[in-house]
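Input: a single structure, listed below in structure tokens.
Read-outs: derived from the displayed coordinates by stated rules, not from any lab. Note that this is a predicted model, so its numbers are computed, not measured. Virtual Cβ from ideal backbone geometry, glycine too; neighbours counted across all protein chains shown.
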Amino acid sequence: TDITFVRTMTENLGKSTQHKGKKTMMKYHMEMENGLEVARADFGGPDGHVFEGSFDTIEDFRGTRCSSTVSAITAYFCGNVVAENKDLGLGNRRKPQYFGVESFSNFVRCRHKQGEAKKVHRRSVYRLGIGCKDNLAGYSHAFSIVAQPDGSFHWYQSYISHYSLITWMEKKAPDGNPYGQLSLSELLERLDRVDRLMKIDGWNDQANKDYLDLFGVDKNKEAMRRSGRSVELTWKPSHRLGSFQWDEACEYPVAVGTDAGATSATGAAGDNDDNSASSDYGENSDKSQNVAVDSEVEKDKVEENDQSQNNKDDDNDDGVPSSTSDNNFEKVGDECIAAAWSKTLVTALAEISDESVAKMMTQR
């Protein structure tokens, strides 16, 4: 187990994209300063890549910032180009993302059905983020889900000031298996709990249990420890997790010697529990293997490379599998993506409508 995994995988991220969008970056820093967010929260830089600076504990040294862990996982499986393809410095060339728990659940079902038909499952790396209107409330979070060739899923995350990726991966379920290792039905059950958490009108025991089971943090205990007041007394409607973003970052393993960006499906997810010198995967492969978190992550990345080549997605803009490949993913992939965009549009319009209605009501 390499305790420097997250730090090593993120140390070069963002360096090539920031200088390409200086005006965008200056605007970001001005907004942060005007909102006093720099003083009140540690977001890991404009794109969340930056490794935390505190080394008070072994967990700090391993890295607990959720956005940095997502960046590290993406860089490890997909390469630096993909890990950076949502950076602010890219301006209007940043990758789009999907919205809504339902759109992601439907997409995963679609991909799984595709894999069952082909007898080999697409090994997708998903970046996910969930946030609230008050981005300093401490409820927002980012995490990764990595699909396995056998149709199962690995849920990877850390949580700022609470636990590192390594600690999460060591967590066991009651049956003795890794807590983050999930079947399709188990993943969908967790996503249902995310959806339930996004619909609460107040904090209660069920909400606290859902948050703990999903993200590994007991918010009631955290609140009592920090302020001596329960979450029920401090929770506001602006603390509700109302936004869920996700994307299919890549299909791994990326071919050695090719541009990792050429396998990108879309872009990155948001984050906030804390809230480039581009190199291809070929250049990073040896280093990545040397700093693997443990054998589980290493196995995720390198097994059955020949099957991955048959399933390769080489479209950097919309995630549709290559029409030149000799697999059967293209048609189903198109259907999955079309459904995701359709549901994303409905979700986005609903959020805009809700905000408009709320604004109207406050102006009356």
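Can you compute 3J(HN,Hα) from phi for each residue in the stretch 194-209, using the Karplus curve 6.51 cos²θ - 1.76 cosθ + 1.60 with θ = phi - 60°, rounded to whole Hz and x for Gly and Pro?
4, 4, 5, 5, 7, 10, 6, 10, x, 7, 9, 4, 5, 4, 5, 5
Pull out a ≥ b ≥ c, the square roots of the eigenvalues of the alpha-carbon gyration tensor of the stretch 75-139, then state rounded if a/c is under 1.5, prolate if not and a/b is larger than b/c, and oblate in the remaining case.
Working: a/c = 2.43, a/b = 1.43, b/c = 1.71.
Oblate is the answer for the stretch 75-139, as a/c is 1.5 or above yet b/c matches or exceeds a/b.
Can you list the residues, at least 5 places off or on another chain, whose amide H is less than 5 Å from the amide H of Ile160, using H built in the peptide plane?
Cys66
In sequence order, what are the phi-derived ³J(HN,Hα) couplings for the stretch 68-85 according to the Karplus relation 6.51 cos²θ - 1.76 cosθ + 1.60 with θ = phi - 60°, rounded to whole Hz, with x for glycine and proline?
Result, ordered by residue: 5, 5, 4, 4, 5, 4, 5, 4, 5, 7, 10, x, 5, 4, 5, 4, 9, 6 Hz.
Calculate one ³J(HN,Hα) per residue across the stretch 94-108 by plugging θ = phi - 60° into the Karplus curve 6.51 cos²θ - 1.76 cosθ + 1.60, and present them in order as whole Hz with x for glycine and proline.
5, 6, x, 9, 8, 10, x, 5, 5, 5, 5, 4, 5, 5, 5
Could you pull out the pairs from Lys113/Lys171; Lys171/Lys343; Lys113/Lys133; Lys118/Lys219; Lys95/Lys133; Lys133/Lys172 whose alpha carbons sit more than 31 Å apart here? Intermediate results must be reported in sequence, preceding the final value.
Details: Lys113/Lys171 29 Å; Lys171/Lys343 34 Å; Lys113/Lys133 35 Å; Lys118/Lys219 43 Å; Lys95/Lys133 22 Å; Lys133/Lys172 33 Å.
In this structure, Lys171/Lys343; Lys113/Lys133; Lys118/Lys219; Lys133/Lys172 exceed 31 Å between Cα atoms.
If I take every Cα pair under 8 Å that is 6 or more residues apart in the stretch 187-242, average their sequence separation and divide by the length, what percent do I get for the relative contact order? Mind showing how you got there, number by number?
Numbers: 46 pairs, mean separation 21.7, N = 56.
So the answer I get is 39 percent.
Using a/c under 1.5 as the rounded threshold, could you call the stretch 152-228 rounded, prolate or oblate? The axes a ≥ b ≥ c are square roots of the C-alpha gyration tensor eigenvalues, and prolate needs a/b larger than b/c, oblate otherwise.
oblate
Label-point separation (nm) for Thr234 and Asp218, each offset 7 Å from Cα along Cα-to-Cβ?
Between Thr234 and Asp218, the simple spin-label model gives 1.6 nm.
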